[in-house]
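Here the structure is laid out as structure tokens; the discussion comes afterwards.
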Amino acid sequence: MELTLKIWRQKNAKETGKIVDYAIDNIEPDMSFLEMLDVLNEQLINQGEDPVAFDHDCREGICGMCSLFINGEAHGPDRGVTTCQLHMRMFKDGDTIFIEPFRAKAFPVIKDLVVDRSSFDRIQHAGGFISVNTSGNTQDANAIPIQKHDADMAFDAATCIGCGACVASCKNSSAMLFVSAKVSQFALLPQGKIEAVDRVLNMVHQMDHEGFGNCTNTGACEVECPKGISLENIARMNREYLKASFVK
């Protein structure tokens with residue numbers, strides 16, 4: 001395939017960025033989107049130009065690093081996949097593809113398509129954990145009976161990879177889906193009950209402090225989420241927050 005790429009180029013966080021056009025050919029339909037960018041970067045390096053900076057790691061849809069806004073959609077036109085799992089067969093010969101970084105106040109651009117998502121880490125640090133006795137007397141996980149329905153819902157919430165597609169898709173740049181998934185995976189299990197009050201209050205407070213917007217129930221986050229995290233988690237987090245507010 002022959003393609004025209006319109007890519008956001010930005011030298012650093014302080015410089016003003018712009019869209020730059022690139023022509024690329026000999027792209028196979030079975031290539032991944034990142035492999036296509038690898039081909040472009042090899043071409044740019046051979047021409048003595050600066051390659052396009054973009055995040056990637058596992059390239060297996062697990063780590064959530066490869067977060068690109070492709071033709072106005074987080075992770076591109078496919079559903080249930082991350083950018084590294086997006087294949088070029090989703091595009092046609094002669095297509096023009098716009099490639100931009102995730103846009104949010106809390107996700108400042110570092111360079112080109114790379115954004116700083118450490119705000120998610122700080123939200124996790126605020127409460128996304130449980131205190132466990134690791135002194136040698138740790139209780140076996142299977143010693144506590146858990147209803148399958150609760151276990152399944154907790155597992156579904158825990159599949160969130162923190163890529164930030166929910167933030168990039170939201171017109172308000174809200175992180176409610178991400179935070180609610182992290183709150184839910186503990187709220188549904190007995191191991192998470194002890195610190196439940198502090199967890200939800202601290203994580204929501206940190207989310208607001210980072211500058212994320214509010215949720216207005218548009219639902220774009222759930223649609224674009226590569227792991228299909230449900231909006232039900234936001235409702236659960238709101239209930240947990242309300243209960244915690246009465247306790248504190």
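Just how far, in whole angstrom, is the stretch 114-150 from the stretch 181-196 if you go by their alpha carbon centroids?
8 Å
Ignoring ligands and nucleic acids, what accessible area does L189 show with a 1.4 Å probe (Å², nearest 10)?
About 40 Å², ignoring ligands and nucleic acids.
Which of K6/K171; K92/K171; K18/K105; K193/K248; K14/K171 have a Cα-Cα distance over 26 Å?
Correct reply: K92/K171.
Hey, if we sort E60, E35 by accessible area with the 1.4 Å probe, largest down, what's the order?
E60, E35
Ordering H56, H205 by accessible area with a probe of 1.4 Å, largest first, what comes out?
Result of the area sort, largest leading: H205, H56.
Within straight cross-link reach of K11, meaning Cα distance under 13 Å, which aspartates and glutamates are found once same-chain residues fewer than 8 apart are removed?
The qualifying aspartates and glutamates are E49, D50, D112.
Largest first, what is the accessible-area ranking of K227, K248, K14, K105 with a 1.4 Å probe?
K14, K105, K248, K227
Let me know the charge dipole size of the chain about its Cα centre in debye, to the nearest 20, where only the beta-carbon of Lys, Arg (+1) and Asp, Glu (-1) is charged.
About 1240 debye.
Per residue, how large is the accessible surface of the stretch 51-205? Use a 1.4 angstrom probe and give square angstrom.
Roughly 47 Å² per residue, with all protein chains present.
Only loop residues by DSSP count here, and only those with at most 15 other Cβ atoms within 10 Å; note down the trypsin sites (Lys or Arg not before Pro) in the stretch 37-99 that meet that.
Hits after loop and neighbour filter: R79, K92.
From zero outward in steps of 5 Å, how is the percent of C-alpha pairs of the stretch 1-138 spread across the bins?
Per 5 Å bin, starting at 0, the Cα pair percentages come out as 2, 9, 16, 21, 18, 12, 7, 4, 4, 3, 2, 1, 0.
Of the accessible area of the stretch 3-111, with the probe set at 1.4 angstrom, what percent is carbon plus sulfur?
For the stretch 3-111, the apolar C and S fraction of the accessible surface comes to 48 percent.
Could you tell me which label, among (i) 70, 49, 31; (ii) 74, 73, 30; (iii) 60, 38, 36, carries the value of Cα extents along the principal axes in Å calculated for this structure?
The calculated read-out lines up with (iii).
The values are calculated or read from the model by the stated rules, or taken from the named source; none is laboratory data. As the structure is a prediction and not an experimental result, all values here were calculated from the model. Because the Cβ atoms are built from the backbone with ideal geometry, glycine has one as well, and the counts that use them run over all protein chains shown. SASA here: full protein model, heavy atoms, side chains in, ligands and nucleic acids out. Shrake-Rupley method; radii C 1.70, N 1.55, O 1.52, S 1.80 Å.
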